[in-house]
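Okay, structure first, notes after.
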Amino acid sequence: MAFEGLSEKLSAAFKKLRGKGRLSEADVKEAMREIRLALLEADVSFKVVKQFVAQVTEKAVGADVLEALSPAQQIIKIVNQELTDLMGGSAAKLTIASKPPTVVMMVGLQGAGKTTNGAKLAGLMKKQNGKRPLLAACDIYRPAAIQQLEVVGKQLDIPVFQMGQTNPVDIARAAVEHAAAHGNDMVFLDTAGRLHVDEELMDELRNIKAAVEPTEILLVVDAMIGQDAVNAAKAFDDALDIDGVVLTKLDGDARGGAALSIKAVTGKPIKFVGMGEKLDQIEVFHPDRMASRILGMGDMLSLIEKAEQSFDQKKALELQEKLRKNKFTLTDFYDQMKQLKNMGSLSEIAGMIPGVKASDLEGASMDEKLLQRMEAIILSMTPAERDDPKLLNSSRKKRIAAGSGTQVVDINRLLKQFDMLQAMTKQFSGGKMPKNLRKMMGKRGRGGFPGMGGMPF
């Protein structure tokens, strides 16, 4: 999980501060020492760490903080703000051309995930912004690069422009012309990468840039290579003057040093982050929300947005009506589990909830096999049994077990989960939601997460 190690070490440092009624300058400096070590262990650039700690210390040793009723909270507030500023302050949007098509040039080293994440980004623009993107295959060197782009394009229902093994500059130019002629308002150029930065690669990218004058040049870097990602970002920025960064595999990087260093070293913002292998697992990078996650304060806004994107609104309204009439069935239960699975792993979701550590749920997920077993059990029931599980006596359970290839114990486990969920939904739909969550949900105009009928997920 991203930033897990850093998050735990910062929490330990703040815990020591909270245990003291008043803070001395020495207490603050001891905490800063631990914060410095935590950042260095997270593979944050030494220069960035030095500057960050100096800024936090300067603000933290002020009289207003040391004499405050809760100085530890004041310091956490300062660290939160400085982390946010370090990562760019606010979300950086993708520039859209005044006259279509918007040309987005994807660059980066081989293996960073340019092809996949270029397609992911195109899919995001199509889904959230109603765009009509075109993917252009400009990588003529890597074996099967064109085929890979065509595969992901087909999965996302996005057209792919390719001209085989011809000059990448000609391909890029032709792709933009094709987009203009066929009503595509965005073009994503999948360019070639190398195993390392070299002049030949940069010359080709400069030629493509000169030929099509892209609206945005986005550098794709792998978060898991740490400071090498920062060095690559600096090299590409020096050569091409990039507009922003797409940081991939952030979900697999427990340290997070690249995310904290890139903006400070290059001056260019992280615009998007890849959070998994699935084609919908890319999101806008929000520095304030990420800082909040690092400090263990959760990220409820992202969680709510994820729920809104994952859940079917029509089904949500139907479910809410059923909850009001107390008609929540096993079919509804299965539908909810299936949609919850679309939100990602439970550990990822946990990291967004204030006060919950992702490590507590490490590896927890909606298991595909479990879901299939659940589906088999529910589909082996009669409509009457699905509507009223009280009908399920021992003989009916044996029949369902035989029909679904499971055991009676699996059916009992499913029914127990259903009963628990039903009890929780009644409680939460009845307004017995924790005050802080209820307040936050109220701002969104609902009594619970979208599509979840007030369920506390």
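Total residues in the range 131-152 satisfying the condition of being in a loop (DSSP other than H, G, I, E, B), closer than 19 Å to Gly193 by Cβ and of a type outside the set (A, V, I, L, M): the figure is 5.
Is there any pair linking a residue in the range 274-289 that is closer than 18 Å to Ala112 by Cβ to one that is of a type in the set (Gly, Ala, Ser), with Cβ under 7 Å and at least six apart or on different chains, and which? From residues that are closer than 18 Å to Ala112 by Cβ, the pairs are Gly274/Gly113; Gly276/Gly344; Leu279/Ala119; Leu279/Gly123; Gln281/Gly274; Ile282/Gly274; Phe285/Ala91. Screening the candidates Gln81, Gln128, Gln155 for the property of being in a helix (DSSP H, G or I) and modelled with pLDDT of 90 or more yields one hit, Gln155.
Looking at (1) crowded, with 22+ Cβ neighbours inside 10 Å; (2) in contact with a helix residue (DSSP H, G or I) (Cβ under 6 Å, 6 or more places away or on another chain), which is the one condition that is false for Asn80? Failed condition: (1).
Applying the condition of being in a loop (DSSP other than H, G, I, E, B) and in contact with an Asp or Glu (Cβ under 6 Å, 6 or more places away or on another chain) to the range 245-267 and asking which residue is nearest to Asp85 (Cα to Cα) yields Arg255.
Between Glu67, Glu34, Glu8, the distinction of being over 30 Å from Asp241 (Cβ atoms), of a type in the set (Asp, Glu) and modelled with pLDDT of 85 or more belongs to Glu34 only.
The requirement of being hydrophobic (A, V, I, L, M, F, W, C), part of a helix (DSSP H, G or I), modelled with pLDDT under 85 and not assigned by TED's automatic domain parsing to the domain that holds Phe285 is satisfied by Ile76. Inspection of the range 107-124 identifies at least one residue that is modelled with pLDDT of 90 or more and in a strand (DSSP E or B).
Of all residues in the range 22-63, exactly one satisfies the criterion of being part of a helix (DSSP H, G or I) and of a type in the set (Ser, Thr, Tyr), namely Thr57. Of all residues in the range 280-289, those being of a type outside the set (S, T, N, Q) and modelled with pLDDT under 85 number 3. Taking the condition of a type in the set (Asp, Glu), surrounded by 12 or more Cβ atoms within 10 Å (Cβ to Cβ) and within 13 Å of Phe333 (Cα to Cα), does Asp387 pass? When the stated conditions are applied, Asp387 passes them. Only residues that are closer than 14 Å to Phe188 by Cβ, hydrophobic (A, V, I, L, M, F, W, C) and touching a helix residue (DSSP H, G or I) at 6+ places or on another chain (Cβ under 8 Å) were counted in the range 116-144, giving 7. Being more than 25 Å from Gly267 (Cβ to Cβ) and β-branched (Val, Ile, Thr), is that true of even one residue in the range 183-200? Yes; the residues of the range 183-200 include at least one that is more than 25 Å from Gly267 (Cβ to Cβ) and β-branched (Val, Ile, Thr). Residues that are surrounded by fewer than 22 Cβ atoms within 10 Å (Cβ to Cβ), closer than 22 Å to Ala122 by Cα and modelled with pLDDT of 75 or more do occur in the range 261-270. Select, from Gly257, Gly274, Gly252, the only residue that is farther than 17 Å from Lys234 by Cβ and at pLDDT below 80. Gly252 is the lone residue from the list that is farther than 17 Å from Lys234 by Cβ and at pLDDT below 80. Restricting attention to the range 193-244, which residues are assigned to a helix (DSSP H, G or I) and among the polar types (S, T, N, Q)? Residues satisfying the conditions are Asn207, Gln227, Asn231.
Contact map, the range 51-75: first residue farther than 19 Å from Leu37 by Cα, second residue assigned to a loop (DSSP other than H, G, I, E, B) and modelled with pLDDT under 85, Cβ cut-off under 6 Å, separation 6 or more or different chains; pairs are Leu66/Leu23; Pro71/Leu23; Gln74/Ala68. Is it true that some residue in the range 87-94 is over 30 Å from Val56 (Cα atoms), in contact with a strand residue (DSSP E or B) (Cβ under 7 Å, 6 or more places away or on another chain) and either assigned to a loop (DSSP other than H, G, I, E, B) or in the same structural domain as Asp170 (by TED's automatic domain parsing) (or both)? Yes - at least one qualifying residue is present in the range 87-94. Would you confirm whether any residue within the range 148-156 is under 21 Å from Thr248 (Cα atoms) and charged (D, E, K, R)? Checked against the condition, which is being under 21 Å from Thr248 (Cα atoms) and charged (D, E, K, R), the range 148-156 yields at least one hit. Scanning the range 166-186 for residues that are outside any helix (DSSP H, G or I) and within 19 Å of Lys126 (Cβ to Cβ) turns up Gly183, Asn184, Asp185, Met186. For the range 390-416, filtering for residues that are surrounded by 13 or more Cβ atoms within 10 Å (Cβ to Cβ), more than 39 Å from the chain's Cα centre (by Cα) and of a type in the set (D, E, K, R) leaves 4.
The values are calculated or read from the model by the stated rules, or taken from the named source; none is laboratory data. Predicted, not measured: the structure shown is a model, and the values here were computed from it. Neighbour counts are summed over all protein chains in view; Cβ atoms, including those assigned to glycine, are modelled from backbone coordinates with ideal geometry.
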